[in-house]
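One structure is given below, encoded as structure tokens.
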Ligand SMILES: C[S@@+](CC[C@H](N)C(=O)[O-])C[C@H]1O[C@@H](n2cnc3c(N)ncnc32)[C@H](O)[C@@H]1O
């Protein structure tokens with residue numbers, strides 16, 4: 001396969017997250033909240049520490065920072081404008097209008113040097129084609145002694161998710177065709193830079209000190225088949241749009257998926273996963 005340029009790959013990833021943004025909060029709620037809170041607990045910000053949520057999505061890490069540091073000290077950024085819009089709406093609704101949110105590429109961080117005592121990045125690093133560029137940018141915006149942390153996924157209980165993917169492909173074959181080479185390139189990037197040992201190595205190479213890795217477990221409870229199907233369809237929104245389904249066809253696809261997955265027992269809707277936090281500091285002096 002010809003080499004995909006970082007710019008092309010990033011545009012593909014950005015479109016994916018832009019398309020998924022309106023349904024992202026219901027999807028991320030059960031799935032990403034616990035890891036975001038764990039990351040922030042591991043980073044242990046104090047009241048008044050300036051904190052940045054990098055690649056914020058709907059701003060779960062920012063919300064967890066705000067609880068500990070105070071909302072006025074928190075900033076958040078993401079390169080997908082629709083995710084930023086989603087984050088703004090969710091943060092306002094959560095009574096945190098002071099959190100500043102902006103569109104920014106993690107590989108071009110433009111905050112002034114030394115702006116933050118803490119930087120948290122939830123499941124973002126595996127999306128960056130030039131992770132070292134991003135990490136050096138993070139180091140630059142950290143204050144001396146400041147800490148940054150990154151989460152990545154480990155294994156998960158797969159049966160129900162695999163069944164969903166299989167059935168969606170049966171019902172909407174075009175989903176498997178969209179993206180083609182870019183999907184593979186993104187899969188490779190994510191597979192390589194999502195491994196915690198690799199993140200440890202990248203942080204050390206970028207110049208972080210005191211790099212440490214912790215493993216965690218959590219369970220996301222999707223409750224029942226309709227909730228699970230709606231969450232997964234929200235994530236597949238870009239592919240579904242490309243398949244050009246009308247409202248009636250969409251409703252039929254949803255109904256067929258819900259019927260199929262309803263035969264799974266209650267416990268199957270509790271998705272168990274492991275995840276990792278990798279943290280490092282900017283040297284104090
Ligand atoms: C899996 S989501 C995680 C969202 C959020 N951090 C959380 O933990 O809930 C990954 C996010 O990274 C963002 N992203 C990917 N590449 C980026 C880049 N180069 N710069 C900024 N954001 C990026 C995406 O737009 C998406 O919102």
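Any read-out appearing in this document is the output of simple, stated calculations on the displayed coordinates, not a laboratory observation. All figures in this text were calculated on a predicted structure; none of them were measured in a lab. A quick note on method: Cβ atoms are made from the backbone with ideal geometry, for glycine too, and the neighbour counts reach across all protein chains shown.
Roughly what angle does helix 131-141 make with the longest principal axis of the chain, taking Cα atoms, 0 to 90 degrees, to the nearest 10?
In the chain, helix 131-141 runs at an angle near 40 degrees to the longest axis.
What nm distance separates the two modelled labels at residue 47 and residue 130, each placed 7 Å from Cα along Cα→Cβ?
4.2 nm
Can you pull the one-decimal nm distance between simple spin-label points at residue 94 and residue 115, each 7 Å off the Cα toward Cβ?
1.9 nm
How large is the direction-averaged shadow of the alpha-carbon convex hull of the range 211-285, in nm²? Before the final figure, lay out each step's value.
On the way: hull surface 31.8 nm².
Taking the Cα atoms of the range 211-285, their convex hull projects to 8.0 nm² on average.
Could you give the alpha-carbon Rg of the range 1-66 over 2.2 N^0.38 Å, rounded to two decimals?
It is 1.40.
If packing is taken as the mean number of other Cβ atoms within 10 Å per residue, what is the order of 137-147, 183-193, 33-43, highest first?
On the way: 137-147: 19.5, 183-193: 15.3, 33-43: 21.1.
Final packing ranking: 33-43, 137-147, 183-193.
At R0 = 30 Å, how high is the FRET efficiency between residue 217 and residue 247 if r is their beta carbon distance? Nearest 0.05 is fine. If you can, show how the numbers build up before the last one.
Numbers: r = 40 Å, r/R0 = 1.32.
Once rounded, the FRET efficiency stands at 0.15.
State the Kirkwood hydrodynamic radius of the range 1-137 in Å, one decimal place, computed from all pairs of distinct Cα atoms.
Working: mean 1/r = 0.0666 Å⁻¹.
That comes to 15.0 Å for the range 1-137.
Using only Cα atoms, find the angle between the long axis of helix 247-261 and the longest principal axis of the chain, and express it within 0 to 90 degrees, rounded to the nearest 10.
Computed tilt is about 90 degrees.
Enter the angle in degrees (range 0 to 90, nearest 10) between the Cα long axis of helix 24-43 and the first principal axis of the Cα atoms of the chain, meaning the one along which they spread out most.
It works out to around 30 degrees.
Relative contact order for the range 153-285: what percent, with Cα pairs under 8 Å and sequence separation of 6 or more? Each step should come with its number before you reach the end.
Working: 136 pairs, mean separation 65.6, N = 133.
Relative contact order here is 49 percent.
Would you mind computing Rg(Cα) / (2.2 N^0.38 Å) for the chain, counting N as its residues? Can you show the working numbers first?
Values: Rg = 19.0 Å, N = 285, 2.2 N^0.38 = 18.8 Å.
My calculation over the Cα atoms of the chain gives 1.01.
Give the value in nm², to one decimal: projected area of the alpha carbon convex hull of the range 85-127, averaged over all directions. Working shown, then result.
Details: hull surface 15.9 nm².
If you wrap the Cα atoms of the range 85-127 in a convex hull and average its projections, you get 4.0 nm².
Mind pulling up the Rg/Rh value for the range 20-101? Radius of gyration and Kirkwood radius, both on Cα. Walk me through the numbers on the way to the answer.
Values: Rg = 11.5 Å, Rh = 12.3 Å.
Taking Rh as the inverse mean 1/r over Cα pairs, Rg/Rh reads 0.94.
May I ask you to give the average projected area over all directions of the convex hull of the Cα atoms of the range 101-236, in nm² rounded to one decimal? Don't skip to the answer; put the middle values down first.
Details: hull surface 40.6 nm².
So the Cα hull casts an average projection of 10.1 nm².
If you take the alpha carbon radius of gyration of the range 62-134 and divide it by 2.2 N^0.38 Å, what ratio comes out, to two decimals? Mind showing how you got there, number by number?
Details: Rg = 12.4 Å, N = 73, 2.2 N^0.38 = 11.2 Å.
Working it through for the range 62-134, the quotient is 1.11.
Kirkwood Rh over Cα pairs of the range 165-249 into Stokes-Einstein at 20 °C, 1.002 mPa s: D in µm²/s?
Result for D is 131 µm²/s.
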